[in-house]
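The values are calculated or read from the model by the stated rules, or taken from the named source; none is laboratory data. Everything numeric in this text was worked out from a predicted model, so none of it was measured. Reconstructed Cβ throughout: ideal geometry from the backbone, glycine too, with neighbour counts over all protein chains shown.
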Amino acid sequence: MSRIIALDFGEKRTGIAVTDELQIIASGLTTVDTQSLIPFLKEYLVKEQVSLIIIGKPKRMDNTHSQSEPLIVNFLKKLTKEIPSIPIERVDERFTSKIAFQTMIDSGLKRKQRRNKALVDEISATIILQSYLYNK
């Protein structure tokens, strides 16, 4: 089988999570500068087989799109042009940052470590991926 990648897309940086080859376990991979995201994905795809890319869909409580949605839509246009062979699905990402932060507290990370926004993004991507796998 092949892996599934999940992205917690952000204006400055994007958290990335990936499954194992059996698509059972979601793990944080890294966080990259968003401007370097497509080159990073292309390089990753040379090394690993990926069958699907999941991208968070940020929504407000009233189910309307958040202000970052236009940025994501613009990115998706570029991504499908650069990597047309891999399908993309969107997953509701409401509360993932809050869940990620709580996960950091529950795992015993010190306050200084919890201020690492890159780690929050990576954990958020993992939560998005876990959500997708659970509801698959």
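Quick notes on this one:
- One residue stands out among those in region 23-61 that are among the polar types (S, T, N, Q) and not in a helix (DSSP H, G or I): the one that is surrounded by the fewest Cβ atoms within 10 Å (Cβ to Cβ), which is Gln49.
- For beta carbons closer than 8 Å, sequence separation of 6+ or different chains, a first residue in region 13-34 that is over 15 Å from Val50 (Cβ atoms) and a second that is among the basic types (Lys, Arg), the qualifying pairs are Arg13/Lys117; Thr31/Arg13; Val32/Arg13; Asp33/Lys12; Asp33/Arg13; Thr34/Lys12; Thr34/Arg13.
- Matching residues in region 9-22 - criterion: being closer than 14 Å to Glu122 by Cα and either basic (Lys, Arg) or not in a strand (DSSP E or B) (or both): Phe9, Gly10, Lys12, Arg13
- Considering Ile88, Ile83, Ile72, the condition of being surrounded by 11 or more Cβ atoms within 10 Å (Cβ to Cβ) and modelled with pLDDT under 95 is satisfied by Ile72 alone.
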